[in-house]
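Notes follow the structure.
The values are calculated or read from the model by the stated rules, or taken from the named source; none is laboratory data. Nothing here was measured: the structure is a model prediction, and the numbers come from that model. When we count neighbours, we look across all protein chains shown, and the Cβ atoms used for this are built from the backbone with ideal geometry, even at glycine. Ligands, DNA and RNA are excluded from the accessible area calculation, which covers all protein heavy atoms including side chains. Shrake-Rupley method; radii C 1.70, N 1.55, O 1.52, S 1.80 Å.
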Amino acid sequence: MASTAHEAAAVRRPQTAQSTTQLMQALLRTVLRDPRGYFKLSQPFKSSPTAPFNDRFKMSVTLGSGIADWTLLLNARNPEAPPDFILDELSDAFIKYEELQTLRTWSLDQPTSLLDLLMEMRALFRHNRARRAIAFSNEKLGFELESLLGLEDESEIRLLDKEKLNVECVVPIRRSAGQASGGGAQQSEQAGEARGADAGKGREIIGHLVMILDQELTQVRTSLQYPETVSEELRAVCPGWEPGNTHVFDFVPMVQSRVLQKMQAMDGRKEALKCLSELLTPLHVDSALFLRSSFLIELDAVFEVVVHVRLTPSFPEEQPSLVLQSVSYLVDRQPIHDVILEYPYSPRWGARQIASQILAILPSKIREFRAKVQSTVGEATAP
Amino acid sequence: LRWTQVGPERIVFFIDLHNERPGQPNSELEVFKQCVNTIILTKGHMLSQAEYALCVLLEGAVLLSDFTLDTNELLKQVNSLEGTEAFQSLDMSSVFSTLLERKQTPLVKPPSQAPAAAPQGQIDPAAQKALLRGVFLYSRTNVVPSFGTDKSAFEALSTDADFVMDALFVHPPPSKQGAESKAQAVFDFLIDLDRSSSHDRAYCFESTANPRRVLRNAVQLAPHARQRPPQGDLLNVLTSSPASSPQMGAAVPGAGEGGGMGAIPVGRPIL
C-alpha cells in the first residue's frame with residue numbers, strides 16, 4: 001500500500017531572481033548528475049493538465065542488490081513546498097517521514113536539496129532495514145552484522161526470507177585513499193546523516209562483496225560482484241567462509257585487500273610501462289591490461305631486434321620477462337626468438353628504476369642474441 | 001594516443017605477384033612473404049585482436065582468403081604463392097572495391113563464441129567499429145597503378161576515419177632502373193592514397209629488395225594503426241657505449257640504394 005501524506009511544513013522563502021522552473025531543473029540536474037548513480041528519473045508527467053511544467057517523475061532507486069520504484073511528487077503550483085513521494089511497500093516500511101531532517105530544511109534555492117533528501121531517504125531505508133535484520137537474528141549472527149556496520153556503514157543488510165531468516169549483506173569495496181579518483185560526494189552544510197555517511201567516501205566503488213549468512217553461520221555463501229567494465233583478469237577470486245573460524249571483522253578487510261591488490265597490480269604495471277615508454281618509443285602497448293609492450297631497437301647500426309616486454313599479474317613480485325625477436329634474420333621465413341628471464345632485479349624498486357634497469361641490460365643482451373642468431377642462421381644467409 | 005584502447009583491427013594484405021624478370025626467381029615476392037610472416041608473427045606477441053584477409057595483385061586485386069583468425073592457414077597460403085609473369089597494369093578500383101566489401105563483412109568470431117548477432121543483410125556494428133587496414137605490397141617499377149573511371153570505393157574509404165591504407169614499395173636500386181622506370185611516380189601515387197590533411201595516418205615505405213631494410217620497414221606495420229605515432233618515430237637506436245642514451249625515433253639512414261624513408265610529406269625523396 002502506498003503512503004502519500006507527509007507532515008513537515010514548507011518553509012516559505014523569498015522569491016529569487018531565477019525562475020521557478022530553472023530552480024526545479026537545477027534540483028533535478030543535481031540528482032541526475034550525481035556520480036554515484038543511485039537515482040534514475042523517467043516518465044515525467046504533470047500533476048494536472050494546467051500545471052506549468054512536469055512536476056511528477058517515476059524514479060528507480062538502487063538499494064543494495066535491488067532496485068526500488070518510487071514516484072517523486074513535486075508541486076508546480078507550490079514549488080517551494082518540499083516534495084512528496086509514493087513509495088513501494090518495502091520502502092514505505094523503512095522510511096518514516098518524521099525522521100527526515102532534510103525535509104525540515106528543504107529549500108528550493110539550494111540545488112542539492114532534492115539529492116540530500118533522496119540520499120537521506122536511502123540511508124534511512126538502509127539503516128532501518130539493517131536494524132530489522134539484526135532484530136530477527138540470533139546472537140551469533142547479530143554480532144557479525146553489527147561488526148559489519150562498524151566496518152562499513154554503507155553496507156546493505158536485508159532479511160532474505162522469513163522462514164530461514166537468512167541475511168544478505170552487500171559490502172562496497174572502494175579504491176584505497178591513495179588512489180582516490182577525482183569524482184566523489186561533495187560536502188554539503190545541509191547534509192543529514194545520509195550525506196554525512198557518503199561524505200569523505202567519494203572514493204570509487206570498484207566492486208561489491210556479497211555474503212549470504214544463515215543464522216548459525218554454517219552455510220555462508222560469499223561472492224564478489226564487479227561492474228561489467230572490469231575484465232576477468234582484474235577480478236579477484238572470492239575466498240570462502242570457514243564455519244567456526246571466520247568472522248566479519250577480519251574477513252571483510254581481507255577480501256577488500258585482495259580486490260584492491262588485484263586492481264593496484266594493474267596500476268603498477270601501467271606505471272612500469274609508462275616509465276619504459278619514456279625511455280624507448282614503443283611499437284605497441286597493451287592498453288587494456290598493461291601486460292605487454294614491444295620496442296623496435298637497432299643496436300650499433302647493424303642489428304635490429306624487437307624486444308617484447310612481458311609483465312604478469314604478479315608484477316612486481318615476478319620480474320618482467322624479455323622476448324627478443326630477430327627482424328631480418330629468418331629461418332623458413334620465421335623470426336628467431338630468445339627469452340630473457342633473469343637479470344638484476346628487485347621487486348622493491350620503483351617503476352622508474354625497473355625501466356632503467358631493463359634499458360641498461362638491453363645492449364649486452366641484444367649483442368648475445370645477435371651472436372646466437374648468426375650462428376643459427378649461418379653467415380651465408382646474413383644480409 | 002598509444003595508451004587508448006584501440007579495438008579490433010582487420011588487415012587485408014595485397015601481395016603483388018608481378019615478376020619483373022619472368023622465368024627467373026621472384027625475389028620481391030619472396031621478400032613480401034617474409035614481410036607478411038613478420039607482421040603477423042610480431043602481432044601475435046602483442047595480444048592484438050586482429051583478423052587477416054589475403055588478396056593478390058595481378059591486373060587487378062583478387063581475393064584469395066577472406067578474414068580469418070587462423071594465421072597458420074593464412075601463412076600457408078601466403079608462403080605457397082607464385083609469381084611468374086609480368087603485368088602491364090594495375091586497376092586500383094578493384095583494390096578499393098575489395099576493401100569496401102570487406103568492411104561490410106561481419107567480424108570473425110573465435111569458435112568458443114556465439115556467431116555474429118547481426119541479422120542477415122545488416123552490417124555487423126562491431127565490424128563497423130573495427131579499423132580496416134590495407135597493407136599494399138607492390139613491386140612494379142614501370143607500372144603506375146590507375147583507377148580507371150570508377151573511384152567511388154576509394155572516395156568512400158578516403159573519408160572513413162576507420163580506414164587506413166599502408167604501402168610498401170620494393171624496387172631495384174636507381175642505378176639498375178631502366179630509362180622507362182616510373183618508380184618515383186609509383187611512390188608519389190602511393191603516398192597520395194593517404195588523403196588525410198597531413199598525410200600522416202598511413203605508413204608508406206619504399207626500398208630496394210634488401211631484406212634487412214624491407215623487414216625493418218615491415219615490422220613497423222605490425223602495431224595497431226590507431227596506436228602508432230607518425231611514420232619515422234618507431235625505431236630506437238642503441239649503442240654498446242655505456243655513455244650513450246637511446247635515440248628515440250631516429251630516422252632510418254638513407255643509403256645510396258635510395259631506400260628507407262622517414263617522415264614523408266615534405267621533400268619527397270627521389271628514387
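Can you flag which of B:K109/B:K129; B:K43/B:K151; A:K96/A:K140; B:K43/B:K76; B:K43/B:K103; A:K372/B:K76 are past 23 Å Cα-Cα? Let's see the in-between values first.
Numbers: B:K109/B:K129 15 Å; B:K43/B:K151 32 Å; A:K96/A:K140 29 Å; B:K43/B:K76 17 Å; B:K43/B:K103 21 Å; A:K372/B:K76 27 Å.
Over 23 Å apart, Cα to Cα: B:K43/B:K151; A:K96/A:K140; A:K372/B:K76.
Shielding of peptide B:222-229 by partners, expressed as the average count of other chain Cβ atoms within 10 Å per residue Cβ, is 3. Distance distribution P(r), chain A, all Cα-Cα pairs, bin width 10 angstrom from 0: 4, 18, 21, 17, 14, 12, 8, 5, 1, 0 percent.
What the Cβ-Cβ distance of A:L41 and B:A179 gives, at R0 = 60 Å and to the nearest 0.05, is a FRET efficiency of 0.20. Shielding value for A:326-333 is 6, the average number of Cβ atoms from other chains within 10 Å of each residue's Cβ. The mean sequence separation of alpha-carbon pairs under 8 Å and at least six residues apart, normalised by the residue count of segment A:13-157, gives a relative contact order of 20 percent.
A DSSP coil position with no more than 15 other Cβ atoms inside 10 Å describes the following trypsin sites (Lys or Arg not before Pro) in segment A:16-69: A:K46. Adding -39500 (n - 2.57) for every DSSP H run of four residues or longer, then dividing by how many residues chain A holds, sets the calculated 222 nm ellipticity at -11000 deg cm²/dmol. The lysines whose alpha-carbon is closer than 16 Å to the alpha-carbon of A:K40, local same-chain residues fewer than 8 away aside, are A:K58.
Can you give the net charge of the other residues whose Cβ lies under 12 Å from the Cβ of B:G148, counting K and R as +1 and D and E as -1?
Details: positive: B:K151; negative: B:E59, B:D91, B:D150.
Local charge sum for B:G148: -2.
Note on segment A:230-362: with charges restricted to the Cβ of Lys and Arg (+1) and Asp and Glu (-1), its dipole about the Cα centre is near 320 debye. Each label was represented as a point 7 Å from its Cα along the Cα-to-Cβ direction; for B:T105 and A:R333 these points are 1.9 nm apart. The modelled label-to-label distance between A:T376 and B:D66, using points 7 Å beyond Cα along the C-beta direction, is 3.7 nm.
Which of the aspartates and glutamates could a cross-linker span from A:K162 if the Cα-Cα distance has to be under 13 Å and same-chain partners fewer than 8 positions apart are dropped? Those aspartates and glutamates meeting the cut-off are A:D214.
The separation of segment B:138-174 from segment B:51-69, counted between C-alpha centres, amounts to 15 Å. The alpha-carbon of A:K46 sits under 12 angstrom from the alpha-carbons of these aspartates and glutamates, leaving out residues fewer than 8 places away in its chain: A:D55. Association of chains B and A removes close to 3600 square angstrom of accessible area from solvent, both sides included, for a probe radius of 1.4 Å.
A straight chain from A:Q264 to A:Q353 at 0.36 nm per residue would run longer than the Cα-Cα distance by 30.2 nm. Computed about the Cα centre, the dipole magnitude for segment A:12-122 is approximately 400 debye when only Lys and Arg (+1) and Asp and Glu (-1) carry charge, each at its Cβ.
The simple Förster model, with R0 at 22 Å and r as the Cβ-Cβ distance, assigns A:F136 and A:E89 a FRET efficiency of 0.75.
Separation of segment A:257-296 from segment A:98-117 is 46 Å, based on Cα centroids.
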